[in-house]
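Structure first, commentary second.
The values are calculated or read from the model by the stated rules, or taken from the named source; none is laboratory data. The structure presented is a predicted model; accordingly, all values stated were derived computationally and were not measured. Positions of Cβ are generated from backbone atoms using ideal geometry, with glycine treated the same way; all protein chains shown enter the neighbour counts. For the accessible areas, the whole protein counts, side chains as well, though only heavy atoms, and no ligand, DNA or RNA atoms are used. Shrake-Rupley method; radii C 1.70, N 1.55, O 1.52, S 1.80 Å.
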Amino acid sequence: MATTEINAITTTPNKALNYTLADKIVEIDSEKDINKEIPNTVFEKNGKKYVHYYTITGFQNCSIQTPYDAFRDRQEKWQGVKYKNGGSKTKSGNEPVMYHLHQSFEGFEVSYETANEIGRKLGEEVFPGYVVTVSTHGNTDNIHNHFIISAWDENGRKWNDCHKTKRLIRSVSDRLCEEYGLSVLEHTRDMKLLKYKDENGKLHYYEPTDRKNELIRKRNLGEISRDDVGSYRNVLLYEEEQNKKQNNRVDIKADIDTLLPSCRSYEELIERLRDLGYTVRDKKKNGEWLAHVSFQAPMQNKATREDKLGDGQFYLRENLQKFISEQSEPAKDLQLQNKSKKESNIPYHSEYMYGRTDLNEINDDYKTVLENGEYFIKERTKAEKKVITDIRAKDIKVRGLIDTTQLHKIIEQQNLQRARRKPYLNDTQEQKLVAQIQSSFRCLQYAEQHNIYSYEQIIDLYSACKTKYDAAIDNLTKAEQSIGQLKNILAVPDKLATLRHKVDSHKNDISYILEEYNQDNKAITNYKAITEKYRIYMPQGIQTLEKS
């Protein structure tokens, strides 16, 4: 038997065609996972084993070498010409430029070559005059054909995707299956449609399969919101994927919103996101900006483009650059003048270290920085000024408590402890003050290197990192719980076998039957349900769980 389903293609027609024509490569654990009936080649890469399944394709009214040219020519010649007088549109309001027909056979009841032959005959009978490619794949658990069909025939007649033509496709497919000795689903041979109205009063039709009846039931209970029960989008996996995408967008937007007030350039925003563990694709190898910047937060499987965030406009690179420029404080710490180190009376400090750095040489208002091989004088940020003030106050306290000899001894001991990655010596007041000054010097150096100009900025960075850390711990906990559940499920076959053996060996034991049999029988029923649900009685089911 073979089932059929047809869908319109309105965008990226070249990608749709390329997907159907391409060979399929699947990662495998062992050669037991290979569909031997399908032409294939096994290879290894980076320690993993893969199987390369070959695709065979039939071509109708197009060149084998350049099939897409025929589709493109039909589209350029006829799109919009006759469509103005009527014709069906997709839900997005766009005009179909291709159709994708999927013909799926039962398992491997038909050979690879025969499946393609049936597909080519169906194309010739149902779509005469249209450009058609018929590609046969066997990379899943059944043989199936992918048809790509031009939306216009050679005379510009638009394909009318309606219940009548769907019946035609099914009828021809069933007849061809019978001619080749394949089975046919008798109860679905004729398309019997039911109609219903959505919440807006619009009339819809659907074929009452088990899946669609279940969707209707859930829609009536308010468990799902979509009205089109015939759409592939109205399935739980699709809903879950869409929710995941939305959550990803919300998380990325929240992180950008958190960092924006403390960034003085778009480049700084990207660097701050990368500090949080983000993967950001922003520029080409030649340094030019990509058409769209994409962000992928830690623990996210896919990146999100900037035009998918918020309203699709505010988070575009150009708009964020403009926002940062307008909202940021006047860049007081931009270069005041370009001077050589010799011309400046403000020394350059490559690093700060208590006991070696002369506090008298640190200017409270300005600093000398090294950029691209040149020295510049810049005004200190508010954060740097506050740190320096704090260092000077604590230094005065330390020198009032101990003499210079003792001070250098404490500094030397604490530096040694830090090199050994051990806690500072801070038993006495002076030791605590020295440790605080040491820490403040490192903060000053970090603030200079990373352009930290306010404590609010540091708090923002901490909050963002803390949120990511908490989320990672939460995900790790959930993962550990899931792993525990999977291990329990995988142990079910052994538990089931043990209980069955126990029941069989005690079937003549009256005391067992009276006291334990009912409880064990309930457990067996429960284990059987789990086995059926996760298909762990089959190697494929066990492999799926193990991969999970």
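Need one number: nm distance between label points at residue 257 and residue 73, each 7 Å from Cα along Cα→Cβ, rounded to one decimal.
Label at residue 257, label at residue 73, 5.4 nm between them.
Of 385/432; 24/48; 487/528; 397/432; 495/522, which pairs sit farther than 18 Å apart, going by alpha carbon to alpha carbon?
385/432
Taking all pairs of distinct Cα atoms, average 1/r, flip it, and tell me the Kirkwood hydrodynamic radius of region 349-390 in Å to one decimal place.
11.3 Å
Within the accessible area of region 9-70, what % is carbon and sulfur when the probe is 1.4 Å and the other protein chains stay in place?
Roughly 50 percent of what the probe reaches on region 9-70 is carbon or sulfur.
At 1.4 Å probe size, with no ligands or nucleic acids counted, give the accessible surface of residue 98 in Å², nearest ten.
Accessible surface of residue 98 is approximately 0 Å².
Take residue 281 and residue 474, extend 7 Å from each Cα along the Cα→Cβ direction, and tell me the distance between the two endpoints in nm.
About 2.8 nm separates the two model spin labels.
With every protein chain kept in the model, how would you rank 289, 159 by accessible area, 1.4 Å probe, largest at the top?
Sorted descending by solvent-accessible area, the residues read 289, 159.
What is the sum of charges, Lys and Arg at +1 and Asp and Glu at -1, for the other residues whose Cβ falls under 13 Å from the Cβ of residue 436?
Neighbour charge sum, excluding residue 436 itself: +2.
Might you work out the accessible area of residue 44 for me, using a 1.4 Å probe with all protein chains in place, and round it to the nearest 10 Å²?
My reading of the accessible area for residue 44 is about 130 Å².
Pairwise over distinct Cα atoms, reciprocal of the mean inverse distance: report the Kirkwood radius of region 1-86 in Å, one decimal place.
After inverting the mean inverse Cα-Cα distance, the result is 16.4 Å.
Which value, in Å² and to the nearest 10, is the accessible area of residue 501 when all protein chains are kept and the probe is 1.4 Å?
Surface accessible to solvent at residue 501 totals approximately 130 Å².
With equal scatterers on the alpha carbons only and no solvent term, can you work out the Debye log10 of I(q)/I(0) for region 483-530 at 0.17, 0.22 1/Å?
Debye intensities relative to I(0), on a log10 scale: -0.52, -0.75.
Can you work out the FRET efficiency for the pair residue 94 and residue 250, with r the C-beta to C-beta distance and R0 = 22 Å, to the nearest 0.05?
E between residue 94 and residue 250, to the nearest 0.05, is 0.20.
Whose amide H sits under 5 Å from the amide H of residue 55, counting only residues 5 or more places off or on another chain, with H placed in the peptide plane?
23, 24
Take 53, 366, 527 and sort them by solvent-accessible surface of the protein heavy atoms, 1.4 Å probe, largest at the top.
The most accessible residue leads, giving 366, 527, 53.
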